[in-house]
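Here the structure comes first, spelled out in structure tokens, and everything after it is commentary.
The values are calculated or read from the model by the stated rules, or taken from the named source; none is laboratory data. For clarity, every value in this text was computed on a predicted model and none was experimentally measured. A quick note on method: Cβ atoms are made from the backbone with ideal geometry, for glycine too, and the neighbour counts reach across all protein chains shown. These area figures cover heavy atoms from the full protein model, side chains too; ligands, DNA and RNA do not enter into them. Shrake-Rupley method; radii C 1.70, N 1.55, O 1.52, S 1.80 Å.
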Amino acid sequence: MPKLIGDSLATHREQVRERVFTALREQLYQRGFEAVTLSGVAAAAGVGRSAMYNHFPDRQALLVAFVEDEAARYVADLDAALAGASCPPDRLAVFARLQLHRLAEFHLPPGQALAGALDPQAYRRIAAHADPIGDRLVAILRAGAADGSMVDEDPAVLAALVSSALSSRRIVDVAPAELDATVRTAVRAVLRMVTPAGGSPDERTSTTGAD
């Protein structure tokens, strides 16, 4: 029987998953999903191959579980950050900063490449995790239209435009010392996208968010 990590089977399973996900995150960033193997992740995580296969029968199951875990953590962080913002422009600035900082920290293959690497069912499971994040963005834009701080246009269309702008790695692929200034520029641009003519698009100075 493999040696337990932690003081219970539940703790053991959680710590194994955490170590595996840490190793996978590093390998995704360094090599991309196509180069990832279960045996390579297991070795990097210090987990036996049999234990690895008990948790994740194949690469697709591993990636889906990883994205589900990352998405749950991200949504929790996003909700906590948004709770400290007092108005729709503040909330949009918080949302944009958090999205960009996470994009800088986290790497997955681009959507089309990922779609080609996974079977349709696995890809649908991963894509579904964008829904809660998109729902929060739509709610921000709808609230902004209601109070006049943002344009009164279809919030789903605006959300798609904002999400597309915030998904470009060109924004965050800069030297670490330049990242904060680049993010501030991008956030101001996003706010301008949805600010009515004659309004002020300046990013709020609240400290809530991902800085």
Worksheet item: Any residue at all in the range 14-30 that is basic (Lys, Arg), over 24 Å from Arg124 (Cβ atoms) and at pLDDT below 90?
Response: no
Item to complete: Out of the residues in the range 7-24 that are of a type in the set (S, T, N, Q) and not in a loop (DSSP other than H, G, I, E, B), state the one that is least open to solvent (accessible area, probe 1.4 Å).
Response: Thr11
Discussion item. Here is a list: Arg59, Arg13. Which entry is touching a Leu at 6+ places or on another chain (Cβ under 9 Å), in contact (Cβ under 8 Å) with a residue 12 or more places away in the chain and farther than 30 Å from Met150 by Cα?
Written reply: Arg59
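Which residues, counting only those in the range 25-48, are in a helix (DSSP H, G or I), free of Cβ contacts under 8 Å to residues at least 60 places away in the same chain and either among the hydrophobic types (A, V, I, L, M, F, W, C) or within 19 Å of Ala10 (Cα to Cα) (or both)? Give the derivation first.
Filtering the range 25-48 for residues in a helix (DSSP H, G or I) gives 25-31, 33-35, 38-45.
Subset that is free of Cβ contacts under 8 Å to residues at least 60 places away in the same chain: 26-27, 30-31, 35, 38-45.
Those that are in a helix (DSSP H, G or I), free of Cβ contacts under 8 Å to residues at least 60 places away in the same chain and either among the hydrophobic types (A, V, I, L, M, F, W, C) or within 19 Å of Ala10 (Cα to Cα) (or both): Ala35, Leu38, Val41, Ala42, Ala43, Ala44, Ala45.
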Discussion item. Exactly one of these conditions fails for Arg73: (1) open to solvent by 70 Å² or more (accessible area, probe 1.4 Å); (2) over 30 Å from Gly144 (Cβ atoms); (3) outside any loop (DSSP other than H, G, I, E, B). Give me its number.
Written reply: (2)
